[in-house]
Amino acid sequence: MSGTTPRAARSTSRALLALPAALALVLTGCGGSSSDDDAAAAPSSSGDAFPVTVTGDDGELTLDEAPENIVSMSPTATEMLFAIGAGDQVEAADSYSTYPEEAPDTELSSFTPNAEAIAGYSPDLVVLSDDLNGIVDALDALSVPTLLLGAAEDLDESYAQIETLGQATGHTEEAAEVVADMQQRIETAVASVPAEAEGLRVYHELDPSFYSVTSGTFIGSVYSLFGLENVADAAPDAAGGYPQLSAEYVVGQAPDLIVLADTKCCGESAATVAERPAFGSVPAVQQGRIVEGDDDIASRWGPRVADFAEQIAAALQG
């Protein structure tokens, strides 16, 4: 995901944020988290002091006080915000932010973002994962503070983003607790897998046309924790970490584990995979090691990655 050149620290004088209301536009998006049920809470009173300065992909941002009207233009950020207890501070979220259920339902588009539509919610903080259509500069021109947190490349970056959002919202302790819980659950999941699982071959499917992920992606890094060999790594064209493979290629690679991240979008399942021509010879099919994943969880780098790790561990234990 792209960012902007770091700029000087920006102050959030909230008097400048009383902008005229504008119509919200239509969008598509995703959201999610597993341990977010206790998320809707006021800013923590456990020592969080303002002003604070945080750093995103668009540079430093100084917040004079805890934001009360956050607009999340990132499903992953929405998940993180609710997980750390900042849910009550989220005034609006993009249309893909469908998890948790308490997330505000809007038609704001994170793919074709509109600065006036976002500003119509009078935000004192906008969190984004992409700077599409120059939205960061457009919001800056309207004196709307932004925090750009692009797609994490590994778990450490995910943890750092959660901690940054904790600082920015006045929930540093809660953010630290979320990170610690994720780390503990993932470590336990990895440790639960028998040693003989190391070196098994995994195929991660993004859609039925065989788009996949390499070890260089966030979700690919999770497979690496288990010592799995990713069949997409040997693809002739890595395509930035998301190569399109073929049925013949996948069958030829003989994966021991297949993970489907196209169950919701495309109705794929262990049964549909088993019915594909030649897939009956694939070890994952023969041994019943096909994980029917959640498309949303597999596409985000938020707290529910711990759920994903536990699901992979369960498949490898079996």
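Here are some residues: 128, 155, 149, 142. Which one is surrounded by fewer than 24 Cβ atoms within 10 Å (Cβ to Cβ), modelled with pLDDT of 95 or more and under 13 Å from the mean Cα position of the chain (by Cα)?
Going through 128, 155, 149, 142 in turn, just one is surrounded by fewer than 24 Cβ atoms within 10 Å (Cβ to Cβ), modelled with pLDDT of 95 or more and under 13 Å from the mean Cα position of the chain (by Cα): 155.
Select, from 44, 35, 95, the only residue that is under 21 Å from the mean Cα position of the chain (by Cα) and at pLDDT below 95.
Selected residue: 35, the only one of 44, 35, 95 that is under 21 Å from the mean Cα position of the chain (by Cα) and at pLDDT below 95.
Out of segment 215-231, which residues are surrounded by 19 or more Cβ atoms within 10 Å (Cβ to Cβ) and either at positive phi or more than 21 Å from the chain's Cα centre (by Cα) (or both)?
Residues satisfying the conditions are 228, 231.
Filter segment 98-125 for residues that are under 20 Å from the mean Cα position of the chain (by Cα) and closer than 20 Å to residue 56 by Cα; which is surrounded by the most Cβ atoms within 10 Å (Cβ to Cβ)?
125
Which of the numbered conditions does residue 68 fail, given that it passes all the others? Conditions: (1) among the charged types (D, E, K, R); (2) under 17 Å from residue 170 (Cβ atoms); (3) out of contact with any Leu (no Cβ under 6 Å at 6 or more places or on another chain); (4) surrounded by 20 or more Cβ atoms within 10 Å (Cβ to Cβ).
Just one mismatch for residue 68, condition (4).
Going through segment 281-311 one residue at a time, which ones are part of a loop (DSSP other than H, G, I, E, B), within 21 Å of residue 75 (Cα to Cα) and not hydrophobic (A, V, I, L, M, F, W, C)?
Passing the criteria: 293, 294, 299, 300, 302, 303, 304.
Look through segment 253-280, keep the residues that are among the acidic types (Asp, Glu) and in contact with an Asp or Glu (Cβ under 6 Å, 6 or more places away or on another chain), and return whichever of them is nearest to residue 75 (Cα to Cα).
262
Within segment 281-303, track down each residue that is exposed (fewer than 15 other Cβ atoms within 10 Å of the Cβ) and either touching a residue at least 24 places away in the same chain (Cβ under 8 Å) or within 19 Å of residue 99 (Cβ to Cβ) (or both).
281, 283, 287, 288 - these are the residues of segment 281-303 that are exposed (fewer than 15 other Cβ atoms within 10 Å of the Cβ) and either touching a residue at least 24 places away in the same chain (Cβ under 8 Å) or within 19 Å of residue 99 (Cβ to Cβ) (or both).
The values are calculated or read from the model by the stated rules, or taken from the named source; none is laboratory data. Just so it is clear, the structure is predicted and the values come from calculations on it, not from any experiment. Virtual Cβ from ideal backbone geometry, glycine too; neighbours counted across all protein chains shown.
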